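Data block below; observations after.
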Amino acid sequence: MLDFGVRFGALVRQKRGVEGLTQEELAFKAFGPNGRKAQISDLERGKIASPQAKIVDPLVVALNISDDELRACREPVVLPAEGDRPDLPPLLLENLAMRFGIASPDASAAELEAYLRDAAKDYTEMKARLNALAEADGRIANLVGAAQGALDQGDFDEADARLADAEEIQQTEHTLVQVRKQAELRTERGKAALMKFDVDAAYGHFCEAAAFFEPFDKVEASKTLRETGTSLYFHGLARGDDALQRTIEMWRKELALLDPDKDAAQWAGTQNNLGNALWAQGIRAEGEAGLTLLAEAVTAYRTALEVHTREAMLVEWAITQNNLGNALMEQGIRAEGEAGLTLLAEAVTAYRTALEVHTREAMAVDWAMTQNNLGTALQDQGIRAEGAAGLTLLAEAVTAYRTALEVHTRDAMPVDWATTQNNLGIALRNQGVRAEGDTGLSLLAEAITAYRAALEVRTRDAMPVEWATTQNNLGAALQDQGIRAEGEAGLTLLAEAVTAWRAALEVRTRDAMPMQWAMTNENLALAFKAMAEAEPDRAVEHLQSALTHVDLSLEVYAPEHMPYDFGTATRLREGIQEKLAALESE
């Protein structure tokens with residue numbers, strides 16, 4: 001385990017690079033005219049094992065080091081057990097763990113292990129590429145070797161500097177062969193930047209790599225933008241940072257280099273990729289910003305379909321239809337009234353169109369995925385529609401989910417199986433709420449069975465957010481059953497609903513997930529209100545519990561930002577108070 005001084009020194013060097021300061025400039029900024037460059041140099045090289053506060057505190061201020069970053073240096077992330085560690089050089093393993101601790105201070109050990117395993121894969125691939133570069137040209141072999149050594153030590157800045165030196169040599173060459181090698185070096189710098197979560201630096205390196213080709217070969221330049229953009233895209237999906245926006249910018253740069261007629265297939269593929277990045281960013285954004293991104297995604301997919309026709313490119317056509325359905329469905333979920341229903345109907349059409357190619361016989365996994373997506377769109381339609389039309393749509397959603405489960409089995413695809421079980425539970429619960437008598441109770445029981453099945457895979461340890469979501473859904477179905485049942489059976493079901501919602505609150509905390517925390521507290525208030533009606537002897541006790549939970553939800557439901565939720569919770573509170581007042585006056 002690295003000492004605090006080594007970790008803090010590495011952090012100082014990283015932050016100094018971000019600020020663009022020399023060691024001499026940092027010494028002056030932190031310690032004034034008497035500051036010494038040698039002191040900064042010794043610290044950054046790990047020669048001061050236990051720096052005193054008189055050194056640490058001024059540097060924290062000068063470099064705007066956060067409490068989380070400083071704590072990561074003092075209390076480093078605990079590495080996985082020795083047998084579970086990825087195959088990385090020890091110093092690089094320590095360095096990556098420290099960087100992960102700074103970037104994600106609340107991450108679990110399982111998340112750290114997953115990150116290190118991904119980093120090990122990236123490291124192995126990078127070493128192979130660097131070896132190929134070194135073998136290809138003896139003039140840069142020494143520099144690439146030095147970069148490899150620095151990478152093994154976890155010294156990303158030194159590795160970058162040596163690659164930059166190698167790149168400078170390449171800049172004296174003007175042939176396309178040499179330009180390609182130069183671009184490869186810059187691409188490696190970008191991938192190294194991603195390993196230390198520096199998205200802006202990675203974006204800059206990737207764009208420069210493509211720019212090297214532009215005077216010689218625009219197709220090669222566009223290919224570089226597409227491939228390096230893919231690295232940013234998956235980084236953004238995993239971490240949810242600025243990488244998605246940078247991906248969008250890169251793929252738009254690529255489209256500007258392509259001729260829609262001469263480069264039709266590549267142009268359409270990039271339109272589809274652009275749609276994916278816009279959709280991924282859109283589902284993360286709220287309000288108008290999210291709707292704008294989703295609309296742009298729909299446009300990109302429809303544009304791709306001008307080339308991805310069923311006659312010319314059957315598989316690509318089906319994939320793009322499925323992606324179009326995803327964007328339309330998200331738009332429809334967010335839109336209100338007839339506009340939302342129209343968008344959901346368009347999503348259903350897109351999914352059914354994709355299923356003309358995504359057949360179970362030819363493409364079983366894609367078929368199941370599209371069936372699951374179709375079920376979700378039909379379910380959202382059914383929830384909004386009234387009467388028999390709504391029940392028909394919900395029944396179609398249930399059919400689509402059960403169909404998907406023919407491929408999404410627990411043994412073969414446990415995560416997809418659990419997701420589909422959770423979705424099936426939602427559709428069955430909505431059917432059960434609308435149905436009367438024994439039919440409704442039977443549907444609610446099936447929903448509960450589906451939720452409990454999902455929780456066999458969606459455990460708190462493995463998938464805490466999904467576990468909490470399914471616990472919340474389970475609570476709603478149990479409450480619906482409990483309200484309909486009579487006597488002790490009803491009370492037992494309501495008590496189980498309370499247990500499920502309290503379990504959800506173990507993950508849905510106010511600090512981490514305020515909206516979900518408030519919603520679950522409102523659900524608890526509804527459950528206790530129902531228990532008051534079912535158990536008159538303890539009505540006051542239950543109503544007081546209900547009042548406590550609805551008051552908690554109103555701490556988050558602000559009338560200016562969440563008028564609908566504020567209104568429902570306020571009316572619930574007023575109803576609880578009226579019942580309490582009536583009981584107290586008896």
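Working ranking of peptides 151-161, 574-584, 464-474 by packing, defined as the average number of other Cβ atoms within 10 Å per residue, highest first, is 464-474, 151-161, 574-584. Segment Glu356..Ala385, full-extension length gain: 7.8 nm, with 0.36 nm per residue of separation and the alpha-carbon distance subtracted. For the stretch 473-586, the solvent-accessible area works out to 50 Å² per residue, with a probe of 1.4 Å and every protein chain left in place.
Relative to the longest principal axis of the Cα atoms of the chain, the long axis of helix 364-384 makes an angle of roughly 50 degrees. Protection proxy ranking for 453-462, 399-408, 117-126, using the average of other Cβ atoms within 10 Å per residue and placing the highest first: 399-408, 453-462, 117-126.
Annotation: average projected area of the stretch 332-403 is 4.5 square nanometres, based on the convex hull of Cα atoms across all directions. Across the stretch 478-539, the volume of the C-alpha convex hull divided among the residues equals 67 Å³ per residue. Ordering of 553-561, 374-382 by packing is 374-382, 553-561, highest average first (other Cβ atoms within 10 Å, averaged per residue). Annotation: extensible slack from Ile283 through Ala161 equals 40.1 nm (criterion: 0.36 nm per residue apart, minus Cα-Cα distance). Scalar couplings 3J(HN,Hα) for the stretch 152-158, obtained by applying the Karplus form with A = 6.51, B = -1.76, C = 1.60 to θ = phi - 60°, are 4, 7, x, 9, 5, 5, 5 Hz; x denotes Gly and Pro. With 31 Å as the limit, the listed pairs Lys196/Lys262; Lys15/Lys121; Lys29/Lys181; Lys47/Lys191 have Lys196/Lys262; Lys29/Lys181 beyond it between alpha carbons.
For the chain, find the longest principal axis of its Cα atoms and tell me its angle to the long axis of helix 414-434, 0 to 90°, nearest 10. Once rounded, one gets 30 degrees.
Rounded, prolate or oblate: which fits the chain when a ≥ b ≥ c are the square roots of the eigenvalues of the alpha-carbon gyration tensor, with rounded for a/c under 1.5 and prolate only if a/b beats b/c? Oblate, because a/c is 1.5 or more while a/b does not exceed b/c. DSSP loop (so not H, G, I, E, B), at most 13 other Cβ within 10 Å: list which GluC sites (Glu not before Pro) in the stretch 262-335 pass both filters. Passing sites in the stretch 262-335 are Glu286, Glu306, Glu311. Once the convex hull of all Cα atoms in the stretch 470-586 is built, its volume per residue stands at 94 Å³. Estimated at 0.36 nm per residue, the fully extended path between Glu125 and Thr409 surpasses their Cα-Cα distance by 98.9 nm. Per residue, the convex hull spanned by the Cα atoms of the stretch 350-490 amounts to 112 cubic angstrom. The phi torsions of the stretch 487-493, fed into the Karplus equation with coefficients 6.51, -1.76 and 1.60 and a -60° offset, translate into couplings of x, 4, 4, x, 4, 4, 5 Hz, rounded to whole numbers, with Gly and Pro shown as x. Taking the Kirkwood radius as Rh and the Cα radius of gyration as Rg, the stretch 162-295 has a ratio of Rg/Rh equal to 1.02.
Using only alpha carbons, the stretch 416-526 has a radius of gyration to Kirkwood radius ratio (Rg to Rh) of 0.97. Between helix 387-404 and the chain there is an angle of about 50 degrees, using the helix long axis and the longest principal axis of the Cα atoms. Taking a ≥ b ≥ c as the square roots of the Cα gyration tensor eigenvalues, the stretch 287-394 comes out oblate, since a/c reaches at least 1.5 and a/b does not exceed b/c.
Ligands, DNA and RNA aside, Val433 has an accessible area near 70 Å² when probed at 1.4 Å.
Taking a point 7 Å out from the Cα of Thr399 in the direction of its Cβ, the residues of the stretch 341-355 whose backbone N falls within less than 19 Å of it are 345-355.
The values are calculated or read from the model by the stated rules, or taken from the named source; none is laboratory data. Note that the structure is predicted; figures quoted are calculated from it, not measured. All Cβ positions, glycine included, derive from the backbone under ideal geometry; neighbour counts span all protein chains shown. The accessibility values were calculated without ligands, DNA or RNA, using every heavy atom of the protein model including side chains. Shrake-Rupley method; radii C 1.70, N 1.55, O 1.52, S 1.80 Å.
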